[in-house]
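Engineer: This is the structure I have questions about; it appears just below.
Every read-out reported here was derived from the displayed coordinates using simple, explicitly stated rules and does not represent laboratory data. Remember, predicted model here, so these are calculated numbers, not experimental data. No Cβ is skipped: glycine too gets one built from the backbone with ideal geometry, and neighbour counts run over all protein chains shown.
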Amino acid sequence: MKNKGIHQHRFRDNQEERRFAEAWEKYNSDGSSFELIDYVLSQNNNRPEPCSDRDREVAATVIQWLGSPVGQGFLKELGYSTRKRRHPLWMD
């Protein structure tokens, strides 16, 4: 996993964190020269610069955290839920 957060040891006990992390990895490893994280952090979407390894680690950690019980509470407060949806960006 190239886009690895710092708490992957929690995957064994929290499959939702694993699901979020694997979805993030999928959308950052499509084989193109620039990845989603490069565009997210780019100041010029037309010509993104590759992000640093630290940027990649921080982003992956935050995305994984969204799958944690606390992260899920944060999303629910905003009106989001983790029920399965039929959407191209949602991993089954």
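Engineer: Arrange 57, 77 by Cβ neighbour counts within 10 Å, fewest through most, would you?
Structural biologist: On the way: 57 14, 77 8.
Placing the least packed residue first, the sequence is 77, 57.
Engineer: May I ask you to list the aspartates and glutamates whose Cα is less than 13 Å away from that of residue 2, ignoring any residue fewer than eight positions away on the same chain?
Structural biologist: Excluding near neighbours in sequence, the set is 22, 25, 30, 35, 53, 55, 57.
Engineer: Then there is this: For region 8-77, compute Rg over Rh where Rg is the Cα radius of gyration and Rh is the Kirkwood radius from the inverse mean 1/r over Cα pairs.
Structural biologist: Reported Rg/Rh, Kirkwood definition of Rh: 1.03.
Engineer: For region 1-73, which trypsin sites (Lys or Arg not before Pro) pass both filters: DSSP loop (anything but H, G, I, E, B) and at most 11 other C-beta atoms within 10 Å?
Structural biologist: Sparse-neighbourhood loop trypsin sites (Lys or Arg not before Pro): 2.
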